[in-house]
Each structure stands twice: as structure tokens, then as C-alpha cells.
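Novice: Shown below is the structure under consideration.
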Amino acid sequence: MLSYNSDQRFAESESERKQRDGLVAKKYVNPNGLQARMWKMAHKDAYETVVRQWSAIADGLKARVKRDWTEAQKHMPFGC
């Protein structure tokens, strides 16, 4: 279950819950012997970690745009 091991796979998932429910429907069994409750918690944690990473990247980019770009350039990426 490498659900979020690439940006593309993460971008394609609508939500952590739908991804998890899909695994449950397919009767997923963790190959390392984790109980269902444990792999579900790990799955949720992985999703939330990736969301936080993307959020941090976006915040960093916004700060750089505000600092380094001209007023005319600042409107382009944010659609303002």
C-alpha cells in the first residue's frame, strides 16, 4: 500500500477516507501483520503528513513571491 509515495498518486486521491475505504472494500491485509486499526491510523497519518508538507511548500513560495516579485508579477500566480 504505497498510497502517497508519489506526487501524482497523492494528487489523484480525493481524500484519505475514500482511499482507505477503497482498501477496506478490497479486503486489504497489511503485509507486515498490522491490525486493521493500526494500518488505518498509519494511512491517515501519512496523508496528513503529505498535506502538511505541501502546505509548508506553498507558504514558503508565497513568502518568496511577496518578498522578491514586483507588484505586477505578484498577481499572476494567485489570480488576483
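Novice: How big, in percent, is the set of alpha carbon pairs in the stretch 7-78 lying more than 13 Å apart?
Specialist: Here the tail beyond 13 Å accounts for 73 percent of pairs.
Novice: Of all GluC sites (Glu not before Pro) in the stretch 1-51, which ones are in loop regions per DSSP and have a Cβ with at most 15 other Cβ atoms within 10 Å?
Specialist: Passing both the DSSP loop test and the Cβ count: 14.
Novice: Note down the net charge around residue 22, summing +1 for each Lys or Arg and -1 for each Asp or Glu among other residues with Cβ under 13 Å from its Cβ.
Specialist: Value of the local net charge: +3.
Novice: Treating only the Cβ of Lys, Arg, Asp and Glu as charged (+1, +1, -1, -1), what charge dipole size does the stretch 7-78 show about its Cα centre? Round to the nearest 20 debye.
Specialist: 220 debye
Novice: What are the ³J(HN,Hα) couplings of the stretch 40-46, residue after residue, when phi is run through the Karplus curve with 6.51, -1.76, 1.60 and θ = phi - 60°? Round to Hz, x for glycine and proline.
Specialist: 3J(HN,Hα) across the stretch 40-46, in whole Hz: 5, 5, 5, 4, 5, 4, 4.
Novice: A further question on this structure: Kindly express, to the nearest 10 degrees and within the range 0 to 90, the angle between helix 16-25's C-alpha long axis and the longest C-alpha principal axis of the chain.
Specialist: On a 0 to 90 degree scale, this one is about 20.
Novice: Moving on. Return the sequence-ordered ³J(HN,Hα) values of the stretch 47-56 in whole Hz as given by the Karplus equation 6.51 cos²θ - 1.76 cosθ + 1.60 applied to θ = phi - 60°, using x for Gly and Pro.
Specialist: 4, 5, 5, 5, 4, 5, 5, 5, 5, 5
Novice: Using θ = phi - 60° and the Karplus relation 6.51 cos²θ - 1.76 cosθ + 1.60, list the HN-Hα couplings for the stretch 59-70 in order, rounded to whole Hz, with x at every Gly or Pro.
Specialist: 4, x, 5, 4, 5, 5, 4, 4, 7, 9, 9, 6
Read-outs throughout are calculated quantities, based only on the coordinates presented, and are distinct from any laboratory measurement. Just so it is clear, the model here is predicted, and its values are computed rather than measured. Cβ coordinates were reconstructed from backbone atoms using ideal geometry, including for glycine residues, and neighbour counts include every protein chain displayed.
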